[in-house]
Structures are given as C-alpha cells and as structure tokens.
1. Restricting to the stretch 11-41, and then to whatever is of a type in the set (Gly, Ala, Ser) and touching a residue at least 24 places away in the same chain (Cβ under 8 Å), can you tell me which residue is surrounded by the most Cβ atoms within 10 Å (Cβ to Cβ)?
2. When the residues of the stretch 61-85 are filtered to those that are of a type in the set (S, T, N, Q) and under 22 Å from GLY13 (Cβ atoms), which remaining residue is surrounded by the most Cβ atoms within 10 Å (Cβ to Cβ)?
3. Suppose we filter PHE84, PHE55, PHE65 for residues that are at pLDDT 70 or above, within 22 Å of HIS171 (Cβ to Cβ) and not assigned by TED's automatic domain parsing to the domain that holds LEU178; which single one remains?
4. Is at least one residue of the stretch 90-99 modelled with pLDDT under 70, farther than 28 Å from GLY175 by Cα and either assigned by TED's automatic domain parsing to the domain that holds ALA153 or among the β-branched types (Val, Ile, Thr) (or both)?
5. Identify the single condition in (1) modelled with pLDDT of 85 or more; (2) more than 14 Å from the chain's Cα centre (by Cα) that SER118 does not satisfy, given that it satisfies every other one.
Amino acid sequence: MVLQDTDKQPIEGCRQGDPEDFRALFEKYKDMVYSVALRYSGDPAVAQDIAQDTFLKLFSTVGSFRGDSNFEAWLYRMVVNSCFDQKRKTRRLTPLLDGILDALRTPDVSILDEVLRSEMSAYVRSMVDSLPANQRMAVVLRYTQGLSYEEIAGIVGCSAGTIASRLNRAHKVLGRRLSRLAVKKEKNNGRSVA
C-alpha cells in the first residue's frame with residue numbers, strides 16, 4: 001500500500017514544520033490513536049498519556065516517513081510502541097474489552113442480572129489483563145480495531161502466522177477461563193432460593 005493522497009500534503013507540511021498540517025493529521029487520527037490506547041490500557045487518563053506520547057513521537061519523526069508504505073499502519077505501529085512503553089514504565093496490565101459482554105446482555109435485565117453482568121465483566125477484564133502483552137495487543141487490534149492478521153503483523157513487526165498463533169493462544173486461555181465461569185454460573189443458577 002502507498003500513502004493516501006489525502007495524507008500527502010499534511011505529512012509534507014509537517015516535515016516543513018507547518019502547525020496547521022500537523023493539526024490536520026491530529027484531527028484525522030486522534031480518535032483511532034486514543035481508541036487503541038484506551039482498549040489496551042483500560043484507563044482514560046493513561047490512554048490520554050499514550051495518545052499524547054504517540055503524537056509527540058509523530059511530530060518528531062514524521063520526517064522519517066518515506067511515504068512508500070501506508071501511513072495509517074505506520075501510525076498504528078507508533079501507538080503500539082507507545083502502549084508497550086507505557087506498560088514498561090508503569091507495569092500496569094489493564095486492557096479494556098467492553099464489547100464482549102454487551103453481546104451477551106438480554107433486553108429485560110433484572111438488578112440481579114446487572115450485578116452478575118458487572119461481576120462477569122470484571123472477571124473477563126482480569127482474564128484479559130493476565131494475558132502476555134503481545135497477546136493482549138493482538139486481541140485489542142483484532143477485536144476493537146477490526147484489523148486483519150496481515151495488518152496487525154505489519155504493525156507489530158512479525159508474521160501473520162505469529163499473530164494467528166498469539167490470538168489462538170489467547171482464545172484458548174480465555175475459552176478455558178470463560179468455560180469455568182459458565183460452569184460456576186450454572187451451579188449458582190441450579191441452587192434453590194427459599
């Protein structure tokens with residue numbers, strides 16, 4: 001892939017120090033950058049720090065972007081690196097996967113169902129938190145950003161097969177842990193209430 005025409009002018013302007021062109025790139029990509037950072041970190045304040053770090057890196061390194069590759073993929077790589085840098089700085093492991101449990105939610109939910117859903121959400125988050133960083137990032141980029149294996153591979157600097165392997169391992173771990181949760185829930189539902 002090559003640089004999109006809509007990005008050529010702002011990137012060239014950034015290379016020449018034009019603040020308006022940098023602002024144009026920022027406005028176009030700020031939501032994508034923040035979304036990846038938030039899904040990885042699970043904390044809005046940390047996500048803002050990661051996004052800020054990413055755009056500072058972008059501003060200082062945009063001159064090294066040659067334009068012979070996809071700018072968006074290059075920017076994704078910066079976000080991924082900023083996420084990993086933040087993890088190394090703070091050693092916090094808290095990604096956020098909101099959408100998983102929303103799909104399981106039924107329209108008529110009682111207060112008890114809401115409490116159980118909240119507990120299950122916290123449990124799922126803790127399971128994802130325990131994944132190794134490279135598996136978590138693959139999960140975030142695949143399921144919250146909708147990127148293909150090839151796109152993720154280009155961003156994190158490995159093969160698509162490695163991404164498939166990381167996601168497969170993450171699926172197995174999460175599947176085992178979720179099945180334990182389902183068994184616990186079935187046992188609790190089987191209890192009689194007086």
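1. Residues of the stretch 11-41 that are of a type in the set (Gly, Ala, Ser), as a first pass: 13, 17, 24, 35, 37, 41.
Then drop every residue that is not touching a residue at least 24 places away in the same chain (Cβ under 8 Å), which leaves 35, 37, 41.
Values: SER35: 16, ALA37: 27, SER41: 24.
In this case the residue turns out to be ALA37.
2. If we filter the stretch 61-85 for residues that are of a type in the set (S, T, N, Q), which is where we start, we get 61, 64, 69-70, 81-82.
From what's left, under 22 Å from GLY13 (Cβ atoms): 61, 64, 69-70.
Working: THR61: 11, SER64: 8, SER69: 14, ASN70: 17.
My answer is ASN70.
3. Details: PHE55 fails: within 22 Å of HIS171 (Cβ to Cβ); PHE65 fails: within 22 Å of HIS171 (Cβ to Cβ).
So the residue among PHE84, PHE55, PHE65 that is at pLDDT 70 or above, within 22 Å of HIS171 (Cβ to Cβ) and not assigned by TED's automatic domain parsing to the domain that holds LEU178 is PHE84.
4. Here is the first cut: in the stretch 90-99, the residues modelled with pLDDT under 70 are 90-99.
From what's left, farther than 28 Å from GLY175 by Cα: 90.
Imposing the further condition that a residue be either assigned by TED's automatic domain parsing to the domain that holds ALA153 or among the β-branched types (Val, Ile, Thr) (or both) reduces the set to 90.
Yes - at least one qualifying residue is present in the stretch 90-99.
5. Checking SER118 against (1) modelled with pLDDT of 85 or more; (2) more than 14 Å from the chain's Cα centre (by Cα), the one that fails is (1).
The values are calculated or read from the model by the stated rules, or taken from the named source; none is laboratory data. Just so you know, these numbers come straight off a predicted model, no measurement behind them. When we count neighbours, we look across all protein chains shown, and the Cβ atoms used for this are built from the backbone with ideal geometry, even at glycine.
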